[in-house]
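See structure below.
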Amino acid sequence: MSHTDMSTPFAPPIRLGLLLIPGFALMGYATLVEAFRAANTLSGRTLYTWSHVSAQGAAVEASCGARILADAQVGARIDCATLFVFAGGDPRNFHDPATYGWLRALARGGCAIAGISGGPYVMARAGLLAGRRATIHWEHRPLLAEHFPDVAIESGLYVIDGAVITCAGGTAGLDLALALIARDHGHALAARVGEWFIRTTPRDAAGPQRQSPAERHGTTNRVVLQALATIEAGLDRPLPRTQIAAACGRSLRQIERLFQAELGQSLAQTMLTLRLDSAAHRLRTTDASVTQIALDCGFASAAHFSRRVRQRFGVPPSGLRKAVGQAV
């Protein structure tokens, strides 16, 4: 996979393929395509061209309901340097052996394959991630880890492992596109594209996908954050509150006062909330049984777990399982 940089004034454009999986997230798609469009506009040249592909050759509907027309059908002879696979929602719902075979054939022919958001899961099903480093949207990470344990999953924004590229999606698509533009045509153009989209602070490929614990919980109190980390590290076997307090070098009464002041709820309420949120995430993103998830999140029985889930979310575990997350 070799590209020509800006020093060659009449180099042909780099051809890209955009494979759209039904339910793909428009955000992840737009951040990439718009970056390549901006590179063309700002350089005054056609540096990139692209064509849309779908499994049936028909228009594909994004998770928001927008529909994008396809230029080609899976299986067609397509001349592209990189094929991007856009998927969102629940990538388990897409199962098409013809697509997997086509992706393998393109990879054998020297085409780089790049999965966006849930796209890496589609690539893994095609056998393209075995033994590879990869990332995926955090919502899909448990699913990828469960079904493909031979993939070395990283938690960053994107991973370029030779001709195999994976990206968490959302705004990380812009970070990946800028990295590719810099590789192909220099850092100066990539910086201009970043400014075009009001992206003034570059993000490293290994940057975090999620907020820090302080941002996520809305507190900067060191003791509370230490207690939260202790809780999250032992969701499967919840520690007694006195042990959590002792681990933080505080009495239980002091910890309780801090939690009420910083989070507006007791230590016990916080522990239950974190366990239920973890369980809800696993219900949406893995195929593990309700009983297994209940045990993994520290509940004594499936019945007790079901009661707690209904109290918090208003539906039984089966209702959460049907409420598929829409990763960007």
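What follows is calculated from the coordinates using simple rules that are stated; it is not laboratory data. Everything numeric in this text was worked out from a predicted model, so none of it was measured. Note: ideal-geometry Cβ built from the backbone for every residue, glycine included; neighbour counts use all protein chains shown.
Observations
- Ranked by the mean number of other Cβ atoms within 10 Å per residue, highest first, peptides 225-231, 144-150, 118-124 order as 118-124, 225-231, 144-150.
- Size of charge dipole - the chain - debye, nearest 20, with Cβ of Lys, Arg +1 and Asp, Glu -1, no other charges: 820
- Here the dipole of segment 118-181 is about 100 debye; that uses its Cα centre as origin and unit charges on the Cβ of Lys and Arg (positive) and Asp and Glu (negative).
- Cβ-based exposure ranking for S306, S117, in which fewest neighbours within 10 Å come first: S306, S117
- Once both labels are positioned 7 Å from their Cα atoms along Cα-to-Cβ, the gap between H95 and L69 label points is 3.4 nm.
- Relative packing of peptides 57-70, 33-46, 85-98 - highest average C-beta neighbours within 10 Å first: 85-98, 33-46, 57-70
- According to the calculation over all Cα-Cα pairs in segment 109-181, the P(r) per 10 Å bin from zero is 23, 59, 18, 1 %.
- For segment 18-140, the gyration tensor built on C-alpha atoms gives a rounded shape. Its axis ratio a/c (a ≥ b ≥ c) stays under 1.5.
- Relative to one another, the C-alpha centroids of segment 7-75 and segment 236-258 are positioned 52 Å apart.
- Listed residues I293, I136, I116, most fluctuating in the chain (Gaussian network, C-alpha, under 10 Å): I293
- The residues packed around L83, meaning those with a beta-carbon under 14 Å from its beta-carbon, carry a net charge of +2 if Lys and Arg are +1 and Asp and Glu are -1.
- Taking 10 °C and 1.306 mPa s as conditions, segment 194-313 diffuses translationally at an estimated 98 µm²/s according to Stokes-Einstein applied to its Kirkwood radius (Cα pairs).
- Computed magnitude of the charge dipole of segment 213-322 (debye, nearest 20; Cβ of K, R +1, Cβ of D, E -1): 280
- Gyration tensor analysis over the Cα atoms of segment 164-233 returns equivalent ellipsoid semi-axes of 34, 14, 9 Å (largest first, whole Å).
- Sequence ranges 274-281, 14-21, ranked by mean other-Cβ count within 10 angstrom, highest first: 14-21, 274-281
- Interchain or long-range residues, amide H under 5 Å from I14's placed H: Y48, T49
- For segment 213-322, the relative contact order comes to 22 percent (Cα pairs under 8 Å, sequence separation of at least 6).
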